[in-house]
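Scroll down for the structure; my scribbles are underneath it.
The values are calculated or read from the model by the stated rules, or taken from the named source; none is laboratory data. Note that this is a predicted model, so its numbers are computed, not measured. Neighbour counts run over all protein chains shown; Cβ positions are idealised from the backbone, glycine included. In case anyone asks, the SASA skips ligands and DNA or RNA and just uses the protein heavy atoms, side chains included. Shrake-Rupley method; radii C 1.70, N 1.55, O 1.52, S 1.80 Å.
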Amino acid sequence: MTERLKKFFVHGFNFVRNNPQIIYTFFLVIVIPLAFVFTSEQFLKITRENQNKLERNRISILEETFALFAGDHMRDPAYLRERIVALGKNNETMRNFQVLGPRFGETYPVVASLNSGDLDTGSEVDNLSTFLLGSASGNPRETYATSYFIEGERYWRGVRAITATSSSETIGYIVVDLSMSQADAVMRKNMRNAYGLLGIIILLIIVMLARQARIIDYATLYQRLKEVDQMKDDFVSMAAHELRTPLAAIRGYANLLQGMKDIPQTHKRDIEMIDASARDLAFLVDDILDVARIQEGRMSFTRTEIDVRALLSSVVLTLQNVAQSKGLALRVEFSDAIPLLTTDEKRTKQIFTNIIGNALKYTFAGEVVVRADVKQNHVVVRVSDTGIGISAEDQKNLFQKFYRVKSKETEDVRGTGLGLWITHQIVKEMGGSISIESIKGKGTDFIITLPVV
Ligand code: ADP
């Protein structure tokens, strides 16, 4: 049993830890309202205490003042009543004001009263008055007051002795009842309003939490989506990696067949096609693997001193046959002194092969010129073509992954839209920059700037 209880608590604890929104909900819906109720009750208690103090003082002052002159007028009930009525007019909470004569057996004769019906020969007093009258007769200089309830309404009763001016002998008493119903009603109304407001706030919090729960669902979904996306990336790079070996085998066998003497010329062209397609596929696989490396921050850079002049000449030489097959002129020009760059040779070659390759790919007549220059401690390579050009709108998206310009001229050109994204990432990683200047239909300039140090 204890084992099961322990399991239950551990499970509960883990559940709450994994779903912290439960704690927020608990705080918002339970703890904060409870704190509000507690504070309100405290406030109410303090207000009541202060109010009681005030009422006690009010009764004391009222009775003390009245007792001062009542001592001289005990034999003039009409005058006393006139004063009492005048007081009653100024005190709307006053429910009773009696001047009693000294005790006579079990009763006290009513000398004057706010309510004229009280004026009979003798008045039997209730337990509360008996107690207060007893206290007042024992200490004539004090007012004795206490609160009491009748049918749910709160009252204050105060009693004080009247002493003769000459002998300080007790010659009567003042009994005053003040109703607290008005003050209590205001207090009740305020509390009702406060609790009503609290109810509305709790309701709003619950509605907001319900919405929040939906957002949490989306967040979980987003997390899941990210995981699935990661799984997809992992799968793609694994598949791409696995494709490399069979592709190398296809290209190897194609080259072997190409070299055989007794293969007819028509078949040799077919074998060439196989090799070209396998090569395109190998480039695509390389691009996919580069994307994965960049995204996971795994692309390595081995810095060595490289001669840009030699590197560009070699790239241009390699691509010369592509230019020739399309009838394009391809040349490279250098300014006088190009300093050595300290950077990754393979990646630098990849940048220029891609940009010059693109210039040849998207140019159908004219020339591609590569110019290398030095500016403010940077090597600036400008690749200019007289190709199809790129509109200002397309230029904005060009460095996004998989972005390809869709137009009549490009529909037959094969590509993945990954080359420029990869090039941009590598250039950034090397501390350089890449920009475009292009007029649609006229040609494009790609400008690559790499820092010398
Ligand atoms: P791919 O060439 O495989 O489509 P890239 O990322 O290398 O992918 O290039 C993205 C797009 O940019 C290309 O599809 C093409 O529309 C456009 N582009 C790149 N270089 C040039 C250029 N020199 N002239 C015109 N358009 C170009």
Enumerate the lysines that Lys45 could reach by cross-link, defined here as Cα to Cα under 26 Å, with residues fewer than 8 away along the same chain left out. Lys53, Lys189
For the chain, return all DSSP H helices satisfying: extent of Cα atoms along own axis at least 18 Å; mean Kyte-Doolittle hydropathy at least -1.0. 2-18, 32-70, 77-90, 181-259, 265-295, 308-325, 345-361
Under the Karplus relation with 6.51, -1.76 and 1.60 and θ = phi - 60°, whole-Hz ³J(HN,Hα) for region 99-111, x at Gly and Pro, equal 10, 9, x, x, 4, 10, x, 9, 10, 10, x, 7, 7
Once normalised by the length of region 19-179, the mean sequence separation of its alpha carbon contacts under 8 Å that are 6 or more apart gives a contact order in percent of 23
If you roll a 1.4 Å probe over the heavy atoms of the protein chains, what accessible area per residue do you get for region 19-179, in Å²? 58
Specify which residue in the list Asn19, Gly158, Gly71 is farthest towards the positive end of the charge dipole of the chain, using unit charges on the beta carbon of Lys, Arg (+1) and Asp, Glu (-1), about the Cα centre. Asn19
Please report, in debye to the nearest 20, how large the charge dipole of region 32-149 is about its Cα centre when each Lys and Arg carries +1 at its beta carbon and each Asp and Glu carries -1 there. 320
Limiting things to C-alpha atoms, what are the Rg and the maximum Cα-Cα separation (Dmax) for region 95-196, in angstroms? 16.5, 60
Which percent of the accessible heavy-atom area of region 307-453 goes to carbon and sulfur, probe 1.4 angstrom? 53
What order do Leu281, Leu128 take when sorted by accessible area (1.4 Å probe), most exposed first? Leu281, Leu128
Where N is the number of residues in region 302-451, Cα Rg divided by 2.2 N^0.38 Å: 1.00
Environment charge at Ile439 (Cβ cut-off 14 Å; Lys +1, Arg +1, Asp -1, Glu -1): -3
If each Cα of region 19-179 is one equal point scatterer, what is log10 of I(q)/I(0) from the Debye formula at q = 0.10, 0.11, 0.15 Å⁻¹? -0.44, -0.50, -0.79
Given +1 on the Cβ of Lys and Arg, -1 on the Cβ of Asp and Glu, and no further charges, what dipole in debye does the chain carry about its Cα centre, rounded to the nearest 20? 1040
Ignoring ligands, DNA and RNA, what accessible area per residue does region 302-451 give at 1.4 Å, in Å²? 51
In nanometres, the difference between 0.36 nm per residue of separation and the alpha-carbon distance of Asn193 and Thr107 is 26.3 nm
Give Lys375/Lys408; Lys401/Lys442; Lys375/Lys442; Lys408/Lys428 a once-over and call out the pairs whose C-alpha atoms are over 30 Å from each other. Lys375/Lys408; Lys408/Lys428
With each pseudo-label sitting 7 Å past Cα toward Cβ, what's the Ala310-Val413 distance in nm, one decimal? 3.2
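Taking only DSSP H segments of four or more residues, each worth -39500 (n - 2.57), what value at 222 nm results for the chain once the sum is divided by all its residues, to the nearest 500 deg cm²/dmol?
Rounded to the nearest 500, it is -19500 deg cm²/dmol.
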Label-point separation in nm, Ile22 to Asp229, each point 7 Å along Cα→Cβ: 3.0
Which FRET efficiency value, to the nearest 0.05, do you get for Ala78 and Phe38 by plugging their Cβ-Cβ distance into 1/(1 + (r/R0)^6) with R0 = 45 Å? 0.25
Rounded to the nearest 0.05, what FRET efficiency do Thr220 and Glu92 have when you use their Cβ-Cβ distance and R0 = 56 Å? 0.30
Counting other Cβ atoms within 10 Å of each Cβ, which trypsin sites (Lys or Arg not before Pro) in region 236-320 have at most 14 and sit in a DSSP loop? Lys261, Arg298
Using 7 Å Cα-to-Cβ label points, what is the Gln295/His241 separation (nm, one decimal)? 1.4
Full-extension gain between Glu3 and Lys406, please, as 0.36 nm times their residue separation minus the C-alpha to C-alpha distance. 138.3 nm
Please work out the FRET efficiency for the pair Ala276 and Leu204, using the Cβ-Cβ distance as r and a Förster radius of 51 Å; give the result to the nearest 0.05. 0.15
Nearest-10 value in Å² for the accessible area of His241, using the 1.4 Å probe: 100
Specify, per residue and in Å³, the volume enclosed by the convex hull of the alpha carbon atoms belonging to the chain. 368
Sequence gap at least 6, Cα distance under 8 Å: using those rules, report the relative contact order of region 301-453 to the nearest whole percent. 24
